[in-house]
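Values quoted throughout were computed directly from the atomic coordinates according to the rules given, and no laboratory measurement underlies them. Since the structure is predicted, the reported quantities are computational estimates derived from the model, not experimental observations. Please note: Cβ atoms are built from the backbone with ideal geometry, for glycine as well, and neighbour counts cover all protein chains shown.
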Amino acid sequence: MPLVTTKEMFEKSMKEHYAIGAFNVNNMEIIQGIIDAAKEENSPVILQASSSAIKYARINYLMKMVEAACEEAPNIPVALHLDHGPDFETCKMCIDAGFTSVMIDGSKYDFEENVQVTKKVVDYAHEHGVVVEAELGKLAGIEDDVNVSSDDAMYTDPLQAKEFVERTGCDSLAIAIGTSHGAYKFKGEAKLRFDILAKIKELIPNTPIVLHGASTVIPELVEMCNKYGADIPGAKGVPDEMLHEASLNGVSKINVDTDLRLALTAQIRKVFVEEPATFDPRKYLTPARQEVKNTVQHKIRDVFGSNNKA
Ligand code: G3H
Ligand code: 13P
Ligand code: ZN
């Protein structure tokens, strides 16, 4: 089927208490791994690309690959989303190119400026049948081109979230409840502020909530990377049980990039170390693509609960 927006996906997920995975894509193997998993699990899925991913893959290639993915998955609702849109112009470019959803990340601005830029994107997007994710609150760590030090980390204020959604008309809201981007999310115990999530859901029950920085940083994949020569010590993510709890309690979209990077890298490193004479890219990209598929399938089926919800 053609690309869809996230509107119906989120309505169903809020009613039936599960989350939809939003997986970052940069190349063909990642797109294929995700779509193969979604097909096998009969799950809706969101493919998302950051502005640096779009620069890397080039927008025409990206659109054609996603179009091919949709053709290969005629019964699966697939949305194409701009992740961390830095400004109005980038959002407009993606809307004009055929994305069905965009994020305007105004979290680097103060509240009023965030409202203004988000409203501008919402007006343009809605005129073109596209939905908008906005962000309020700051995640610790690195977001695309934006660096936020962990001292500056700021949880989302539930009352502000209500005002923000009312004033901007955004379709979904990314919140900060303790997650962060990348492979180093927690120094000690993993901790998420489920109390803030509950308060937000109480105040804006019909707004789909988005969790960024939600990779598990799967320990087996980190170990495998390190075993085959990587240097990723002490990496730690959000445990599956917490993501499952979030899925049951009003989080509709869960963003995953780091776990897919680890999956791909672990298998490529393994082939490089075990078969040093190999230099045919298909020999290492085939298991890498399979590991992306396995990772996505596990999340859909065992953690987010979107299997059989297509
Ligand atoms: O949240 C950011 C995503 O992981 C995308 O990262 O800008 O390196 O593509 P990227
Ligand atoms: P991770 O780094 O935890 O995979 O988060 C990805 C993300 O939030 C993309 O927007
Ligand atoms: Zn993010």
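Quick look at the values:
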item: Flagged links, alpha-carbon separation over 28 Å, of LYS138/LYS199; LYS15/LYS191; LYS191/LYS270; result: LYS191/LYS270
item: Protection-proxy order for peptides 193-200, 98-105, 245-252, each taking the mean of Cβ atoms within 10 Å per residue, highest first; result: 98-105, 245-252, 193-200
item: For the chain: relative contact order, % (alpha-carbon pairs under 8 angstrom, 6 or more apart); result: 23 percent
item: Euclidean distance between Cα centres, segment 81-135 to segment 1-68, Å; result: 18 Å
item: Relative contact order of segment 10-147, defined on C-alpha pairs under 8 angstrom at six or more residues apart (%); result: 19 percent
item: Extended-chain gain in nm, criterion 0.36 nm per residue less alpha-carbon gap, ILE59 and GLU113; result: 16.6 nm
item: Reachable aspartates and glutamates, given that their alpha-carbon falls under 12 Å from the alpha-carbon of LYS12 and they are not under 8 places away in the same chain; result: none
item: For the chain, calculated [θ]222 nm from helices alone, where every DSSP H run of n ≥ 4 adds -39500 (n - 2.57); result: -14500 deg cm²/dmol
item: Cα convex hull of the chain, projected area averaged across orientations, nm²; result: 14.6 nm²
item: Contact order normalised by residue count of segment 252-310, Cα under 8 Å, 6+ apart, percent; result: 34 percent
